[in-house]
1. Among 1-7, 24-30, how do they line up from the highest to the lowest mean number of other beta-carbon atoms within 10 Å?
2. Using the Cβ atoms and a cut-off under 14 Å, what net charge is assigned to the surroundings of residue 132, where Lys and Arg are +1 and Asp and Glu are -1?
3. Percentage of Cα-Cα pair distances in the chain greater than 18 Å, rounded to whole percent?
4. In Å², what does the accessible area per residue of the chain work out to with a 1.4 Å probe?
5. Check each of the GluC sites (Glu not before Pro) in region 60-124 and keep only those in coil by DSSP with at most 13 other C-beta atoms within 10 angstrom; list them in order.
6. Leaving out ligands, DNA and RNA, and with a 1.4 Å probe, what % of the accessible surface on the chain is carbon or sulfur?
7. Which of the peptides 16-23, 128-135, 58-65, 78-85 is most tightly packed, and how do the rest follow, judged by the mean count of other Cβ atoms within 10 Å per residue?
8. Quick one: which residues, 5+ away or cross-chain, put their amide H under 5 Å from the amide H of residue 32? H built at 1.01 Å from N.
Amino acid sequence: MEKEFKESFKAEDTFNIGKTIASQAKPGEVYCLYGDLGTGKTVFSQGFGAGLGIIEPISSPTFTILKEYHEGRLPFYHFDVYRIGSEDEMEEIGYYDIIGGDGVCLIEWAELIKDILPFDCNKVTINKDTEKGFDYRSIVIERA
């Protein structure tokens, strides 16, 4: 697994890192997004959408679990599984039909469904380090 380390000093940096990663995304890829509350997962997701050419606003699908976008260069399936009760719920929302398909998937809180993630998913971990600044984030990208 290839590992890349990025630094973000402001939200715009996090957005742009997401945008760059998505601009290289291929159909069928899955990106698992890890990080505590308030680390910038939504900002990263917004950049990711922009990198796919999506114009409409990207918001975290915290209550709907899945939001689909079809206007970009690839279909974008944005999951937020923070409120998922069981892996059975993932089947109900069409997870198995979407994963590895014609689009690209971004899964926030992926650790909550680790048993059903594809073995070849890409991992993006965002961490705060307040000693380096209030808005500082380290972003580790592990490509399958």
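1. Working: 1-7: 10.6, 24-30: 15.4.
Packing proxy ranking, top to bottom: 24-30, 1-7.
2. Numbers: positive: 6, 10, 128, 137; negative: 7, 13, 129, 131, 135.
Net charge in that neighbourhood comes out at -1.
3. Values: 5292 of 10296 pairs.
In whole percent, the share of Cα-Cα pairs in the chain beyond 18 Å is 51.
4. Details: 7400 Å² over 144 residues.
About 51 Å² of surface per residue is accessible.
5. Numbers: sites: 68, 71, 87, 89, 91, 92, 108, 111; in loops: 71.
Hits after loop and neighbour filter: 71.
6. Values: 3650 of 7400 Å².
Carbon with sulfur: 49 percent of the solvent-accessible area.
7. Listed from highest to lowest mean packing, they are 16-23, 78-85, 58-65, 128-135.
8. 107, 122, 123, 124
The values are calculated or read from the model by the stated rules, or taken from the named source; none is laboratory data. Predicted model only: the values in this text are computed from it and were never measured. Every residue, glycine among them, receives a Cβ derived from its backbone with ideal geometry; neighbour counts consider all protein chains shown. Accessible surface areas use protein heavy atoms only, side chains included; no ligands, DNA or RNA. Shrake-Rupley method; radii C 1.70, N 1.55, O 1.52, S 1.80 Å.
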